[in-house]
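Let me begin by presenting the structure, written as structure tokens, before commenting on it.
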Amino acid sequence: MSKGEETKAMIIEKSAALFNQQGYAGSSMSDIMQVTGLQKGGIYNHFTSKDDLALQAFDFAISQIKQRYREAWGSKQHSIERLQAIINVFRIYIDNPEHPIIKGGCPLLNTAIESDDAHPALKIRAQQAMNSWRDLFNGIMRKGIKKGEIQQNINVDEVASIIISTLEGSVMMSKLCDDSIHIERAIKHLNNYINISLRR
């Protein structure tokens, strides 16, 4: 990696953490300069605009989360264990709440809320990330049904909606109330739900 590529990667990583804590609209160019230690020109050497940086920072944050999912379920063979492994990734909000990428909460949740009306391009990126997450759950469940590990009569997209909504809602409640008990309860409930309602 060249020096320029290293600098660009650093800007993206630092900005992703900043945006997740302060929001895209709430983060000024001065804030970006402060966290990166660069002048405005040094930042704009690598990005055409703040919006361009925001999109690349969001992609980076989501790639970090996806990597955690892959590491969690990659070694699991049974589809139920794979689903539960992904759900248990959310323990990072309890075990490591100061991690730069998730310190301000879930990047997908935060971006979906902030970009709803104000940032169309960012909203599209958030939709793509959400669809990718749903596809991951759906794919695991469909394979589980074929292998006889999951009950055949379930609606996989409905289950994916329940799992994602429960997890994201619990992150929001835990951040709002400064109490991780809501994430704990969501993880426990979803693991039980999968065992009772999905396992064949």
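The values are calculated or read from the model by the stated rules, or taken from the named source; none is laboratory data. All figures in this text were calculated on a predicted structure; none of them were measured in a lab. Here the Cβ is made from the backbone with ideal geometry for all residues, glycine too, and neighbour counts use every protein chain on show. Accessible surface is based on the protein model in full, side chains and every heavy atom, while ligands, DNA and RNA are left aside. Shrake-Rupley method; radii C 1.70, N 1.55, O 1.52, S 1.80 Å.
The portion of the accessible surface of the chain made up by carbon and sulfur, rounded to a whole percent, is 50 (1.4 Å probe; DNA, RNA and ligands excluded). Label separation (Gln128 vs Asn153): 4.0 nm, computed from points 7 Å beyond Cα along the C-beta direction. Computed over protein heavy atoms with a 1.4 Å probe, the accessible surface of the chain works out to 53 Å² per residue. A simple count of charges around Ala112, restricted to other residues whose Cβ falls under 12 Å of its Cβ and scoring Lys, Arg +1 and Asp, Glu -1, yields -2.
Per q in 0.10, 0.14, 0.21, 0.24 Å⁻¹, report the Debye log10 I(q)/I(0) for segment 1-89, using one uniform scatterer on each alpha carbon and no solvent. Taking Cα atoms of segment 1-89 as identical point scatterers yields -0.35, -0.57, -0.90, -1.09. Of the options [x] -0.38, -1.25; [y] -0.22, -1.37; [z] -0.31, -1.30, only one is log10 I(q)/I(0) by the Debye sum over Cα atoms at q = 0.08, 0.19 Å⁻¹ as computed from these coordinates, and that is [z].
Working note: Karplus 6.51/-1.76/1.60 with θ = phi - 60° gives segment 47-64 the couplings 9, 6, 6, 5, 5, 4, 4, 4, 5, 5, 5, 5, 4, 4, 4, 5, 5, 5 Hz, where Gly and Pro are set to x. For segment 3-198, the number of Lys pairs with C-alpha atoms closer than 15 Å, counting only pairs eight or more positions apart or on separate chains, is 9. Taking all Cα-Cα distances within segment 99-166, those exceeding 14 Å account for 65%.
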